[in-house]
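See below for the structure under consideration.
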Amino acid sequence: MNKVDIVIVGGGPAGLAAAVAAYDDGAKNILILERDEQLGGILNQCIHNGFGLHTFKEELTGPEYADRFIRQVSERKIPYLLNTMVMEISPDRVVTAMNREDGMFQIEAKAVILAMGCRERPRGALNIPGYRPAGIFSAGTAQRLVNIEGYMPGKEVVILGSGDIGLIMARRMTLEGAKVKLVAELMPYSGGLKRNIVQCLDDFDIPLRLSHTVVDIEGKEHITAVTIAEVGADRKPIKGTEERYTCDTLLLSCGLIPENELSTAAGVQLNPVTNGPVVNESLETNIEGVFACGNVLHVHDLVDYVSEEAAKAGVTASRYARGEQNDDSGREIAVKAEGGVRYTVPVTVRPDHVEDQLTIRFRVGDVYKDSYVSVYFDDTRVRHQKKRILAPGEMEQVVILKKQLDETPDLKTITVKIEP
Amino acid sequence: METKELTCINCPMGCLLTVEMDGDEIRDISGYTCPRGKTYAEKEVTNPTRVVTSTVKVVGGRKDRVACKTQYDIPKDKIGAVMEAINAAQAQAPVVIGEVLIADVAGTGVDVVATAHAV
Ligand SMILES: Cc1cc2nc3c(=O)[nH]c(=O)nc-3n(C[C@H](O)[C@H](O)[C@H](O)COP(=O)(O)OP(=O)(O)OC[C@H]3O[C@@H](n4cnc5c(N)ncnc54)[C@H](O)[C@@H]3O)c2cc1C
Ligand code: SF4
């Protein structure tokens, strides 16, 4: 059986950044496995700009951002296999993969980095009554059709869900000559970035209807119209508010979920809130030597944070493969999400393995104005940071210094919460 | 006197900005929480610009389309003209990232460049 130090599953921005960081840390025997015909992941279809402001201090499009990392991978001559699907990962890190040339093959890895990204929520979860005629697409599928295949799904469009991909596609289809009639959002706030609401909707006078949903879909073979209604505080449609819109396309932009079938089969424990693996400070899952980063760990909106997080996983995996990260005898601290904080990454911390500082990333469950992000060490508040705004669409983070952890030797639990 | 309403895009606060215009002259800007909002409003009402991204048809290669962008931002009211030029254009494979696909698009003085490779 082939033996390598690190196998990276997925060649998107997470996998690429992890590979580069692992290599620079000294791991030279790395292999990236990617099921697509090119590296770059979802960025290849995200042709709009706005990527890389943090990392490169300039606004790049998705493919340009990916290209920067692909070049770093080629400069280091890090090996990768394309059109190669990983089928299984065993708890002792034997990776089974398949492609046309080699058929089914196995690789024994000292460390595995999960970087499979995420996929869109299936529309079955949307609970729209009525038929399922042709002409209904997820926003990401439409993005691939328009941007990669150059095929326009339709001319008259209604979009349900105001996540960023839906907003981006509202502009994209308008530029390609379609009439986007409206974007309906079930929640009283948009899940998308302000910048996208302004530049994708306002610029083209596309209305955004908050607290609205689709209550009926018409058309037997192909969609011909939808009915939109306002929803109350209970998110149930309000009678008498229905409005009918003719359309030939309905795009659903209803969120993303990490792609973890492989992980679960390997015995990796998932966090029910994120649907991503439960990890410690080194981004290691409950299966020793298996690490996770990027959208497979939790859905990111900014690719810059994906690269940053993945670089961390690359370094810790490289150390693990060298046998440096494997001492589990030290103390372990739990990280808890409370009062408005939906989840944290990581959920456990071994202070012995924290270098200079620990970054805890999290998301809130609602919009908070003029509130505080507080960090508690057991019952003592150690941080109380004022935030003008906190929104579910924006990932937040707090940084804790290793010094602080060392100064609190009896610490059992770190709690992150939002306080008025 | 004309009143324009804008949303500042510089941070998640998304302040609602109100600009009082007298013809081409700004009389008053209100609603911003920090100076970035004021600067944004000034630019948006006097000279709004955008980077346009799309795809250009490719012939002679394996891929049918290549992603592209205007290298710099162009006046917002030229978006339509720029899109027409992009849709009329055709590139010959292989295309390398950064390659100029349309020079001086729609008289804006800005080039449309490839943002991906196409072989
Ligand atoms: C549609 C969309 C629009 C976005 N827009 C923006 C934006 O405007 N600005 C911004 O900053 N961020 C944006 N993001 C976020 C950012 O692009 C993502 O967070 C980032 O691409 C995630 O990187 P990743 O490597 O974790 O996942 P991905 O890019 O999804 O890469 C995962 C890779 O793993 C591969 N893979 C999966 N399973 C297997 C398997 N079993 N075997 C082999 N390979 C496998 C996939 O083929 C894929 O290439 C967007 C995300 C999406 C989904
Ligand atoms: S004005 Fe300042 S605080 Fe308000 S949205 Fe703009 S940048 Fe943010």
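The values are calculated or read from the model by the stated rules, or taken from the named source; none is laboratory data. Computed from a prediction, not measured in an experiment: that's the story for all the values here. Every residue, glycine among them, receives a Cβ derived from its backbone with ideal geometry; neighbour counts consider all protein chains shown. For accessibility, only protein heavy atoms count, side chains too; no ligands or nucleic acids. Shrake-Rupley method; radii C 1.70, N 1.55, O 1.52, S 1.80 Å.
The table that follows gives values for the structure above.
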| item | result |
| --- | --- |
| Failed condition for A:Y376, given (1) open to solvent by less than 50 Å² (accessible area, probe 1.4 Å); (2) closer than 27 Å to A:H48 by Cβ | (2) |
| Residue selected from segment B:52-61 under the condition open to solvent by less than 20 Å² (accessible area, probe 1.4 Å) and among the hydrophobic types (A, V, I, L, M, F, W, C), by the criterion nearest to the other protein chains (Cβ to nearest Cβ) | B:V52 |
| Strands (runs of 3 or more DSSP E) contained in segment A:230-335 and holding at least 1 residues at pLDDT 95 or above and away from ligand 2 (no atom under 16 Å from the Cβ) | A:243-246, A:249-252, A:290-292 |
| Selection status of A:G314, of a type outside the set (A, V, I, L, M, F, W, C), touching a residue at least 40 places away in the same chain (Cβ under 8 Å) and open to solvent by less than 10 Å² (accessible area, probe 1.4 Å) | yes |
| Positions within segment B:88-119 being within 12 Å of another protein chain (Cβ to nearest Cβ), free of Cβ contacts under 8 Å to residues at least 24 places away in the same chain and surrounded by 15 or more Cβ atoms within 10 Å (Cβ to Cβ), in sequence order | B:I97 |
| Of all residues making up segment A:40-57, the number that are away from ligand 2 (no atom under 16 Å from the Cβ), away from every other protein chain (no Cβ under 11 Å) and at negative phi | 4 |
| So B:P35, is it open to solvent by 70 Å² or more (accessible area, probe 1.4 Å) and either over 25 Å from B:G107 (Cα atoms) or within 9 Å of chain A (Cβ to nearest Cβ) (or both) | yes |
| Considering residues of segment A:60-101 that are among the β-branched types (V, I, T) and in contact with a Ser or Thr (Cβ under 9 Å, 6 or more places away or on another chain) only, the residue surrounded by the fewest Cβ atoms within 10 Å (Cβ to Cβ) | A:T96 |
| Residue that is within 27 Å of B:C11 (Cα to Cα) and outside the structural domain of B:T7 (by TED's automatic domain parsing), where the choices are B:K38, B:K57, B:K69 | B:K69 |
| Of residues in segment A:367-385 being charged (D, E, K, R) and out of contact with any Ser or Thr (no Cβ under 8 Å at 6 or more places or on another chain), the one farthest from A:Y305 (Cα to Cα) | A:D379 |
| Test: A:E308 is away from ligand 1 (no atom under 12 Å from the Cβ) and either among the small types (G, A, S) or open to solvent by 10 Å² or more (accessible area, probe 1.4 Å) (or both) | no |
| Residue within segment A:355-366 that is away from every other protein chain (no Cβ under 14 Å) and more than 29 Å from A:V315 (Cα to Cα) present | yes |
| Of all residues making up segment A:38-54, the number that are touching a residue at least 60 places away in the same chain (Cβ under 8 Å) and in contact with a Phe, Trp or Tyr (Cβ under 8 Å, 6 or more places away or on another chain) | 4 |
| Residue pairs meeting the criteria (Cβ under 6 Å; at least 6 apart or on separate chains; first within 16 Å of A:V279 (Cβ to Cβ), in segment A:333-348; second in a strand (DSSP E or B) and aromatic (F, W, Y)) | A:A337/A:Y343; A:T344/A:F362 |
| B:T55 vs. criteria within 16 Å of ligand 1 (Cβ to nearest atom), at pLDDT 95 or above and closer than 26 Å to A:M152 by Cβ | yes |
| Any chance A:D164 is open to solvent by less than 50 Å² (accessible area, probe 1.4 Å), out of contact with any strand residue (DSSP E or B) (no Cβ under 9 Å at 6 or more places or on another chain) and within 14 Å of chain B (Cβ to nearest Cβ) | yes |
| Of residues in segment A:379-392 being open to solvent by 80 Å² or more (accessible area, probe 1.4 Å) and in a strand (DSSP E or B), the one farthest from A:G340 (Cα to Cα) | A:T380 |
| Options B:D64, B:D73; residue that is within 15 Å of the chain's Cα centre (by Cα), of a type in the set (D, E, K, R) and surrounded by fewer than 18 Cβ atoms within 10 Å (Cβ to Cβ) | B:D73 |
| Hits in segment B:38-51 (condition: open to solvent by 40 Å² or more (accessible area, probe 1.4 Å) and within 14 Å of chain A (Cβ to nearest Cβ)) | B:K43, B:V51 |
| Test: residue in segment B:14-29 that is within 14 Å of another protein chain (Cβ to nearest Cβ), loosely packed, with under 15 Cβ neighbours inside 10 Å and either in contact with a Phe, Trp or Tyr (Cβ under 7 Å, 6 or more places away or on another chain) or at pLDDT 95 or above (or both) | no |
| Members of segment B:1-13 found to be aliphatic (A, V, I, L, M), within 14 Å of another protein chain (Cβ to nearest Cβ) and touching a strand residue (DSSP E or B) at 6+ places or on another chain (Cβ under 9 Å), listed by number | B:L6, B:M13 |
| Enumeration of residues in segment A:167-182 that are crowded, with 23+ Cβ neighbours inside 10 Å and either part of a strand (DSSP E or B) or at pLDDT below 95 (or both) | A:V180 |
| Inter-residue pairs, beta-carbon under 9 Å, first away from every other protein chain (no Cβ under 11 Å) and in segment B:69-83, second assigned to a helix (DSSP H, G or I) and open to solvent by 50 Å² or more (accessible area, probe 1.4 Å), 6+ apart | B:K78/B:G107; B:A81/B:G107 |
